[in-house]
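Q: Structure incoming, see below.
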Amino acid sequence: MKQRLAVFLNIPIWKGSLDAVVDRIFEIEAKNNSCHVVTINAEMLLCAAKFEPVAQAIFGAQMWVADSMTARWFYARAGQRAGRIPGVDLAEKLVTRAAQKKMPIIILGGATAQVRTRATEFVLRRGATVAFAESGPIISYGESLPIGALDEIAKKISAGGSALVLVGFGHGKQERAIEYLMQQVALPCIFVGVGGSLDMWAGEFPRAPKPLRFLGLEWLWRLILQPSRIHRIIQAVFVFPFSVLFNL
C-alpha cells in the first residue's frame, strides 16, 4: 500500500480555482485535443492502489483536481497545495460553459432511467443541449472491459460534434471507461467522471449544507442520509488517512 499510494503523489494536481480549471479544460479542447478530467478523492486512490487498470486510467488523464478534503490533505503532505474543487461543482460549471459554447452534453450512467431523465432536465435548465443519455454497460475495477458496448457508445459520440461527456459509472469504473472511449473517439471531447453528481442533480439526495461542506464533513451528511455507505465512508475517512500517516 505504501508504494502504491506514493506513486499518486506524482500526479500534477490542479492548484488553481474552479473558474481557472474550467478555462484550462476548454483551452485544451479548443486546440483539437480531448481532455479526461479526474476528480480525485480518497476512495478513488485506495481503489487505484489495489487495481492497476484503474491506476493506469487515472495516470492517462490530462487534468486532475482534488475532489475531497482528504485528497487535498494527501497532496499537501507532499508539498502540493491543491485547491479543493468538489466534482459536482466542477461538473455544473462545465455544463454551464458548454451551454455558452453550444457544445452538446452526453450523459452516461445513472442507476435508473428516472435519474437520467432528471439529470437531463437539470442540464437543460442551464441552457445546454443533451445529445443522448444512457445507462452504459456494467464495468468492473479489474476485469476486462465490455468492449462491444463501449464501441457502440463511441460510435454514437463520434456521430456528433465535439461534446462534454459526463460519465457516472462510479469511481475507478468511469475512469476506465473514459480511457477506452478516448482511444475510440477521434473528435476533441471533454470527458469527466462525475460519480454521484447525476444522483444529486436528479434530487435523489440533497447536497450537504454549506457549513458542513466548509468543514469537510460531507461524509457525515451522506452517512445520515445513506447509512448503507458506512463501509465506503470508513475507508475514505479513516482507513485512507491512517494508511497515509503510517506509510508515507
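Q: If a residue must be touching a helix residue (DSSP H, G or I) at 6+ places or on another chain (Cβ under 9 Å) and not in a strand (DSSP E or B), how many such residues does the stretch 121-143 contain?
A: Final tally of qualifying residues: 16.
Q: Go through the stretch 37-52 and count every residue that is buried (at least 21 other Cβ atoms within 10 Å of the Cβ) and charged (D, E, K, R).
A: 1
Q: I'm checking my understanding of the structure. Among residues of the stretch 150-170 that are at pLDDT 95 or above and part of a loop (DSSP other than H, G, I, E, B), which one is nearest to C189 (Cα to Cα)?
A: Going through the qualifying residues, I end up with A163.
Q: Which of the residues spanning the stretch 84-114 are modelled with pLDDT under 95 and touching a Lys or Arg at 6+ places or on another chain (Cβ under 6 Å)?
A: The answer is R84, G110.
Results for (1) over 25 Å from L164 (Cβ atoms); (2) out of contact with any Cys (no Cβ under 8 Å at 6 or more places or on another chain); (3) among the polar types (S, T, N, Q), shown as yes or no for each residue.
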site: N33; (1), (2), (3): no, yes, yes
site: H36; (1), (2), (3): no, yes, no
site: C47; (1), (2), (3): no, yes, no
site: V65; (1), (2), (3): no, yes, no
site: T70; (1), (2), (3): yes, yes, yes
site: W73; (1), (2), (3): yes, yes, no
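Q: Sort through S34, S17, S68 and tell me the only one that's hydroxyl-bearing (S, T, Y) and surrounded by fewer than 17 Cβ atoms within 10 Å (Cβ to Cβ).
A: Details: S34 fails: surrounded by fewer than 17 Cβ atoms within 10 Å (Cβ to Cβ); S68 fails: surrounded by fewer than 17 Cβ atoms within 10 Å (Cβ to Cβ).
Selected residue: S17, the only one of S34, S17, S68 that is hydroxyl-bearing (S, T, Y) and surrounded by fewer than 17 Cβ atoms within 10 Å (Cβ to Cβ).
Q: Out of the helices (runs of 4 or more DSSP H) lying entirely within the stretch 1-109, which hold 2 or more residues that are under 24 Å from V123 (Cα atoms) and of a type in the set (D, E, K, R)?
A: On the way: elements: 2-6, 18-30, 42-50, 52-59, 69-76, 87-100.
Those helices (runs of 4 or more DSSP H) span 18-30, 87-100.
Q: I'm trying to understand the selection: among the residues of the stretch 24-46, which are more than 14 Å from the chain's Cα centre (by Cα) and over 21 Å from Q80 (Cα atoms)?
A: Within the stretch 24-46, F26, E27, I28, E29, A30, K31, N32, N33, S34 meet the criteria.
Q: Right, something else. Any idea which residue in the stretch 7-47 is farthest from R72 (Cα to Cα), counting only those that are in contact (Cβ under 8 Å) with a residue 60 or more places away in the chain and among the polar types (S, T, N, Q)?
A: N32
Q: Let me ask you something else. Pairs needed: first member in the stretch 165-191, farther than 18 Å from C47 by Cα; second member anywhere, in a helix (DSSP H, G or I) and among the small types (G, A, S); C-beta distance under 7 Å; at least 6 residues apart or different chains.
A: Once the first residue is farther than 18 Å from C47 by Cα and sits in the stretch 165-191, its partners that are in a helix (DSSP H, G or I) and among the small types (G, A, S) give L166/A91; L181/A154; Q184/A154; V185/A154; V185/S158; A186/S158; L187/S158.
Q: Whether any residue in the stretch 228-242 is of a type in the set (S, T, N, Q) and over 18 Å from the mean Cα position of the chain (by Cα) is what I want to check. Show your work before the answer.
A: Residues of the stretch 228-242 that are of a type in the set (S, T, N, Q), as a first pass: 228, 235.
Add one more test, that the residue is over 18 Å from the mean Cα position of the chain (by Cα), and what stays is 228, 235.
The answer is yes; a qualifying residue exists.
Q: Please find, within the stretch 138-155, the residue that is farthest from T117 (Cα to Cα) out of those that are touching a residue at least 40 places away in the same chain (Cβ under 8 Å) and surrounded by 13 or more Cβ atoms within 10 Å (Cβ to Cβ). I'd like the intermediate steps shown before the answer.
A: From the stretch 138-155, those touching a residue at least 40 places away in the same chain (Cβ under 8 Å) are 141-142, 153; that's our starting set.
Imposing the further condition that a residue be surrounded by 13 or more Cβ atoms within 10 Å (Cβ to Cβ) reduces the set to 141, 153.
Working: Y141: 27, I153: 18 Å.
Across the stretch 138-155, the extreme among qualifying residues is Y141.
Q: Next up: Can you name the condition, by its number, that R84 falls short on among (1) more than 19 Å from L217 (Cβ to Cβ); (2) touching a helix residue (DSSP H, G or I) at 6+ places or on another chain (Cβ under 6 Å)?
A: (1)
The values are calculated or read from the model by the stated rules, or taken from the named source; none is laboratory data. These figures come from a predicted structure and were not determined experimentally. Every residue, glycine as well, gets a Cβ built from its backbone with ideal geometry; the counts of neighbours run over all protein chains shown.
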